[in-house]
Amino acid sequence: MENILRPLIVVGGSLALMLLVGWAVDRLLKQVDARHSETPLWGLLRRGRVPFQLVLCSAALRGSYDQAGILENHLTGIGQALNLVLIGSTAWLVIRIAVAVVESTYVRYAAAHRDPARVRRVRTQVTLIQRVVAAVIGVVAVAAMLLTFPTMRAAGASLLASAGILGIVAGVAAQSTLGNLFAGLQIAFGDMVRLGDTVVVDGEWGTVDEITLTFLTVRTWDERRITMPVSYFTSKPFENWSRGGAQMTGTVFFHVDHSAPVEEMREKLRDILRECPAWDGRDYGLAVTDTTPSTLEVRALVTAKDADDVWTVRVTVREQMVRWLTERHPHALPRVNTADAILPPGSSSSGSSPDGAVLRSSRHRIHEPPRTGRG
């Protein structure tokens, strides 16, 4: 009877005690979180209650197993398994605690600062810091697990002796991966590109959706995802429309006839913008920027608070201005003019061609098709 009760008392008592401790700590964190709701740290720490209880239970079993006298023939193997569980659960708990601390710091920073650009920069750094910490802790945990095996400790000397050669081989083989790794750290702390930034890469317009240590994902305006190595952003030029602020200025070009009422177009642009919610009211303008033998190039200038709104303003101005010209000033639309040829001095000016055909003048109106696409 003693052989049965003793293991049950030792093992069961240890597990029950550790579970009670874990439950008490979780309840304490819950009460502290309710009293200090302005600090998210305590609520985030509760996410680690499962690995915390696992650490307590594995530690209790590892300490009490020798006294329990269960499966004494497999004492070494079971002890080794408990060591591995303890190391793994400890690494899991440390990662959860580190993530909670970093995340709570970011939440407090975001609440104290209203600048979206600075908040996105910190968010990018926080995300990469979490990934780096998790990777380092994981590598250390795996190394600690391997070192618990006697054969791995015996092989340590030979591994250290060949570490130089292995390092050179690994560096050559993983050159691209290491390059992306350092590029990711450079992006995080060099403030080159941040989560939520509007960028143009390889002619594609989109928003930075995810940044890791090795790749970066851009979500395009038509909901596609472009995945690129982070080394691209440290080795090639790209457009960052959110750098220094999200406000943008957009342009809309029109090709009209020389007789187009430019002043009335300027007033119409003002009326269109006043009725457009996406216009931020900062600035607008309309000017003749170029001429050709048959048309004027007119540029409309508009502003908006970000890239999405400036796109909306541009397409609204383009659509309504063309419609207004068609309805009110059809003569202002582009036309191709044909007229009598000007003859050299001394030639007959009878208006007849060499074969007797009379040259006629006609004016044909050609509507410019509306532009399509984002831009």
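Bear in mind these aren't lab numbers, they're just calculated from the coordinates by the rules spelled out. This is a predicted model, so every value here is computed, not measured. Positions of Cβ are generated from backbone atoms using ideal geometry, with glycine treated the same way; all protein chains shown enter the neighbour counts.
Details
- Packing, taken as the mean count of other beta carbons within 10 Å per residue, orders the peptides 274-281, 228-235 from highest to lowest as 228-235, 274-281.
- Protection proxy ranking of 123-129, 265-271 - average other beta-carbon atoms within 10 Å, highest first: 123-129, 265-271
- Cα centroid of region 76-91 to Cα centroid of region 229-260, whole Å: 56 Å
- Shown is the FRET efficiency for ASP283 and ALA81, computed with R0 = 56 Å from the Cβ-Cβ distance and rounded to the nearest 0.05: 0.20.
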